[in-house]
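Notes for the one structure printed next.
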Amino acid sequence: MGMTMTQKILAKHAGLTEVKAGQLINCKLDMVLGNDVTSPVAINEFEKNGFTSVFDKNKISMVMDHFTPNKDIKSATLTQQTRNFANKYDILNFYDVGNMGIEHALLPEKGIVASGECIIGADSHTCTYGALGAFSTGVGSTDMACGMATGQAWFKVPSAIKFNLSGKLNKWVSGKDVILHIIGMIGVDGALYKSMEFVGEGVHNLSMDDRFSMANMAIEAGAKNGIFIVDDKTIEYQKDKVNREYTIYEPDEDAIYDVTYDIDLSTIKSTVAFPHLPENTKTIDEVEDIKIDQVVIGSCTNGRYEDLKTAYEIIKGKKVAKGVRCIIIPATQKVYLQALKEGFLEAFVEAGCVVSTPTCGPCLGGHMGILAKGERAVSTTNRNFVGRMGHVESEVYLSSPAIAAASAITGKISDVSEVM
């Protein structure tokens, strides 16, 4: 019986020749990830259970990104605890203010994760690395603690949904629009504990940044993970980043999928998710006059180079609408520096935007842009739950960087055609 990409990776890491959906297995891990919110909880569990060593100091990553630079005493204390742990056990991949970035943009950029690997992270958007053809999934902090100590984790092998992509995206339409379209189509529980596998010739027409954005939001459909076939773009992306051998897995021809969706990328329109769920989607031509107070362009979903370049192309030479706050957050220091060198940041500031250091910031209602009662934001983040970005009576509309940038200029949710 054939296996999916995910099943092949899990079988390899479990030391088995094959696995089947629903099977319980124990896998060796290639990377264990935590951040400044989840690592302290894992550290507490690690110490409470009497562990005195980590399984491999090179295979643990701790990224201080959610509340950094620290916004208050509590966040400073959590970061200090994580920093002390990293120093004690000589954790190689520890990233703090000055050399950090948003974890799910930083790890691929640094070559810390690669195709065919098995990765867990105490953050739900760890599924991002499926863009590289890896199995990566979010876990709780207790699982992170066990992973740090033993280098292993247990899984129930997921069944899978196939997304067969064809065609090419139109200008100003991106991977964010594709994944919002899919979530709107299948719902926030449409892939519950399943693997979302993206295949087909259309994959080759998606940039790596498109794929990272799509894999990142697999969890918003309830998926265990999202994963893309590996192609020349994937290999090229990893060429100057990954300094170890990695394995490329392809699904068997007779792999079993619960359902297959055929999606022509050329038919995808710019899409917006209305409050208060990512499945509440409308195409931009269905959106009526919705005034906004804030725009956020950034996050682990859309803070990469291509995202900022798109925003720059739309915003340059224009002004942010009166009464609108536009916050732009490069996902990593490398992205920040590249945007600086290419003049993006100057254009943003001249337009009336504020540019932040890399941070998760407002995405989780952390800092750098909390909403007051009754305020509305267009955001390139991944969740728009009640109170996600501030007051429970505020509203968050999820969109691509292109729609967010255009909306910042007009002061309402707008298509790019309204400003270009």
Region 60-88, subset out of contact with any helix residue (DSSP H, G or I) (no Cβ under 6 Å at 6 or more places or on another chain), surrounded by fewer than 22 Cβ atoms within 10 Å (Cβ to Cβ) and touching a residue at least 12 places away in the same chain (Cβ under 8 Å), residue farthest from N35 (Cα to Cα): K71
Residue list for region 206-217, filter: under 29 Å from A21 (Cα atoms) and either among the charged types (D, E, K, R) or open to solvent by 10 Å² or more (accessible area, probe 1.4 Å) (or both): M208, D210, R211
Note on region 30-43: residues crowded, with 23+ Cβ neighbours inside 10 Å and among the aliphatic types (A, V, I, L, M) are M31, V32, L33, A42, I43
Is one or more of the residues making up region 133-155 within 14 Å of the chain's Cα centre (by Cα), open to solvent by 10 Å² or more (accessible area, probe 1.4 Å) and within 25 Å of A105 (Cα to Cα)? yes
Quick check: anything in region 347-364 out of contact with any strand residue (DSSP E or B) (no Cβ under 8 Å at 6 or more places or on another chain), on the phi < 0 side of the Ramachandran plot and of a type in the set (F, W, Y)? no
Of all residues making up region 108-145, the number that are within 24 Å of A76 (Cβ to Cβ) and touching a Phe, Trp or Tyr at 6+ places or on another chain (Cβ under 7 Å): 1
Might you let me know whether region 166-174 holds any residue that is out of contact with any Ser or Thr (no Cβ under 7 Å at 6 or more places or on another chain) and buried (at least 24 other Cβ atoms within 10 Å of the Cβ)? no
Among the residues of region 243-286, which ones are closer than 25 Å to E117 by Cβ and of a type in the set (S, T, Y)? Y246, T247, Y249, Y257
Within region 50-59, track down each residue that is of a type in the set (V, I, T) and open to solvent by 60 Å² or more (accessible area, probe 1.4 Å). T52
Quick one: is E47 open to solvent by 60 Å² or more (accessible area, probe 1.4 Å) and either of a type in the set (S, T, N, Q) or more than 30 Å from D254 (Cβ to Cβ) (or both)? yes
Here are some conditions: (1) in contact (Cβ under 8 Å) with a residue 60 or more places away in the chain; (2) touching a Ser or Thr at 6+ places or on another chain (Cβ under 8 Å); (3) farther than 30 Å from R325 by Cβ; (4) not hydroxyl-bearing (S, T, Y). K233 meets all but one. Which one does it not meet? (1)
Just for strands (runs of 3 or more DSSP E) wholly inside region 168-274: which have at least 1 residues that are touching an Asp or Glu at 6+ places or on another chain (Cβ under 9 Å)? 194-199, 225-228, 271-273
Among (1) over 17 Å from A21 (Cβ atoms); (2) hydrophobic (A, V, I, L, M, F, W, C); (3) in contact with a Phe, Trp or Tyr (Cβ under 8 Å, 6 or more places away or on another chain) - the single one M196 does not satisfy: (1)
Of all residues in region 218-272 being among the aromatic types (F, W, Y) and touching a strand residue (DSSP E or B) at 6+ places or on another chain (Cβ under 7 Å), which is surrounded by the fewest Cβ atoms within 10 Å (Cβ to Cβ)? Y261
If you go through S400, S417, the only one that is open to solvent by 20 Å² or more (accessible area, probe 1.4 Å) and either closer than 15 Å to E313 by Cα or touching a helix residue (DSSP H, G or I) at 6+ places or on another chain (Cβ under 8 Å) (or both) is S417
What pairs can you find where one residue is in region 393-420 and free of Cβ contacts under 8 Å to residues at least 40 places away in the same chain, the other is open to solvent by 10 Å² or more (accessible area, probe 1.4 Å) and of a type in the set (D, E, K, R), and their Cβ atoms are less than 6 Å apart, with a gap of 6+ or different chains? E393/K373; S394/E375
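The values are calculated or read from the model by the stated rules, or taken from the named source; none is laboratory data. Predicted, not measured: the structure shown is a model, and the values here were computed from it. A quick note on method: Cβ atoms are made from the backbone with ideal geometry, for glycine too, and the neighbour counts reach across all protein chains shown. Ligands, DNA and RNA are excluded from the accessible area calculation, which covers all protein heavy atoms including side chains. Shrake-Rupley method; radii C 1.70, N 1.55, O 1.52, S 1.80 Å.
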